[in-house]
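Just so you know, all these numbers are worked out from the coordinates, no wet-lab data involved. The model shown is predicted, which means the values in this text are computed figures rather than measured ones. Note: ideal-geometry Cβ built from the backbone for every residue, glycine included; neighbour counts use all protein chains shown.
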Amino acid sequence: METISRRKFIQISSVTGAFLAIGFVPTLNGKEKLVSSLTGDPSKIDLNQFISIGKDGSIVLFNHRPEMGQGTFLSIPMILAEELEVTMKQIEVRQSIANRDLYGSQMVVGSRSIQSEFDKLRKMGAATREILKQAAANKWGISVDLCKATKGTVVNDQGKTFTYGELVEEASKLKLSDNPPLKQPKEFTILVRWRQDKTFH
């Protein structure tokens with residue numbers, strides 16, 4: 001499976017047109033690092049442009065589309081949280097900076113944010129979940145297949161756990177997959193409406 005580095009992942013985002021299905025486009029200039037910290041808090045580590053986790057276990061999810069009453073401030077973090085395997089009570093939601101190189105289009109037109117971004121956001125959350133699992137597997141010296149992410153922790157087959165905060169520094173050194181395994185709709189605990197009728201508005 002082809003992988004990309006964390007820094008490169010921060011440089012890519014989805015836009016409309018030919019790249020929409022895949023969700024990745026290169027940035028201008030080829031800069032390796034566009035921002036020093038999305039949160040402005042040195043105790044938190046950015047795993048991609050949507051997810052920042054502190055060593056204390058605090059989790060910030062960013063909404064990259066303006067909130068004008070259409071619900072993006074809640075719905076975008078919900079999609080990320082679903083694949084990241086955290087509850088909504090465990091996260092802080094923040095409006096992202098305006099940066100097309102990081103996020104692609106940030107326009108609000110026709111209430112299409114979720115329709116156009118749904119798959120990309122799921123991949124962002126899932127890719128982050130998988131490197132956290134891999135970080136835990138590395139610490140335990142076991143196969144990642146023996147690790148499961150749940151409610152902001154990674155649990156192994158012996159019942160031992162690490163919190164995401166305990167794993168974030170190691171995870172930030174790993175490569176993010178551009179095609180991570182996604183949860184099955186029947187496994188959804190946050191996107192219940194989508195699970196029921198296969199739509200999400």
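Excluding residues on the same chain fewer than 8 positions from Lys133, give the aspartates and glutamates whose Cα lies under 13 Å from its Cα.
Partners found: Glu83, Glu85, Asp145, Asp157, Glu166, Glu169, Glu170.
Give, in nm to one decimal, the length gained when the segment between Asn138 and Leu74 is fully stretched (0.36 nm per residue of separation minus the Cα-Cα distance).
Taking 0.36 nm per residue and subtracting the Cα distance, the gain is 19.7 nm.
Ranking Met124, Met88, Met78 by Cβ neighbours within 10 Å, fewest first, what do you get?
Starting with the residue having the fewest Cβ neighbours, the order is Met88, Met78, Met124.
So for Arg94, Arg65, Arg129, fewest C-beta neighbours within 10 Å to most, what's the order? Don't jump to the answer; show the numbers that get you there.
Working: Arg94 15, Arg65 22, Arg129 26.
Ordered from fewest to most neighbouring Cβ atoms within 10 Å, Arg94, Arg65, Arg129 come out as Arg94, Arg65, Arg129.
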